[in-house]
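The values are calculated or read from the model by the stated rules, or taken from the named source; none is laboratory data. Here the structure is a predicted model, which means the values were calculated and not measured. So basically every Cβ, Gly included, is an ideal-geometry build from the backbone, and we count neighbours across all protein chains shown. Keep in mind that these areas ignore ligands, DNA and RNA; they rest on the heavy atoms of the full protein, side chains included. Shrake-Rupley method; radii C 1.70, N 1.55, O 1.52, S 1.80 Å.
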Amino acid sequence: IGATQVAARVIVTMAGNRIPAVPLTAAVFALQGAAVLILLTWQQASGVLLAVVLLGAGRGAVTLMRASLIAERYGRTHYGAIGGALALFVSGAAALAPVGAGVAYQVAGGYPLVFAGLAGISGLAALAMLGMWRWG
């Protein structure tokens, strides 16, 4: 995952001036949803490897995209305050995610519904980004 995070950051940096941040972020969210669906449906080693590559790349890209989106949307003047406030919520969500996944596992009775839910949330995030691009 670490290697694909670095590779994705290089690609995002190179594409940064050619592709606007909002549709690029939407594509990353869609790929993350696809990766979760791959884990759910393609359980051979090659499927798991592909999912790991996509999830790692998505994780690496989102780190840079978050900063780009804030700067692009709100300007560089207020970047520190907005980025710091956002980091609080991102870190909080990351800390609560294992507990939430455990609760979802218990409620759903297994991982298939949890993974389907994660894929759906990723798809909704991609659509929300596209809506931000259209109405932005």
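Inside segment 105-116, residues that are surrounded by 14 or more Cβ atoms within 10 Å (Cβ to Cβ) and under 23 Å from Gly58 (Cα atoms) make up a count of 5.
Going by what's in this entry, would Ala61 be described as open to solvent by less than 90 Å² (accessible area, probe 1.4 Å) and within 24 Å of Thr41 (Cβ to Cβ)? It is true that Ala61 is open to solvent by less than 90 Å² (accessible area, probe 1.4 Å) and within 24 Å of Thr41 (Cβ to Cβ).
Leu96 - would you say it is out of contact with any strand residue (DSSP E or B) (no Cβ under 8 Å at 6 or more places or on another chain) and surrounded by 14 or more Cβ atoms within 10 Å (Cβ to Cβ)?
So Leu96 does not fit the description; no.
Inside segment 1-49, residues that are open to solvent by less than 70 Å² (accessible area, probe 1.4 Å) and either touching a strand residue (DSSP E or B) at 6+ places or on another chain (Cβ under 8 Å) or of a type in the set (A, V, I, L, M) (or both) make up a count of 18.
Hey, does segment 71-81 have a residue that's open to solvent by less than 30 Å² (accessible area, probe 1.4 Å) and under 19 Å from Met132 (Cα atoms)? Checked segment 71-81: at least one residue is open to solvent by less than 30 Å² (accessible area, probe 1.4 Å) and under 19 Å from Met132 (Cα atoms). From the list Ala26, Ala21, Ala15, exactly one residue is small (Gly, Ala, Ser) and closer than 20 Å to Ala3 by Cα. Which is it? Result of the check over Ala26, Ala21, Ala15: Ala15.
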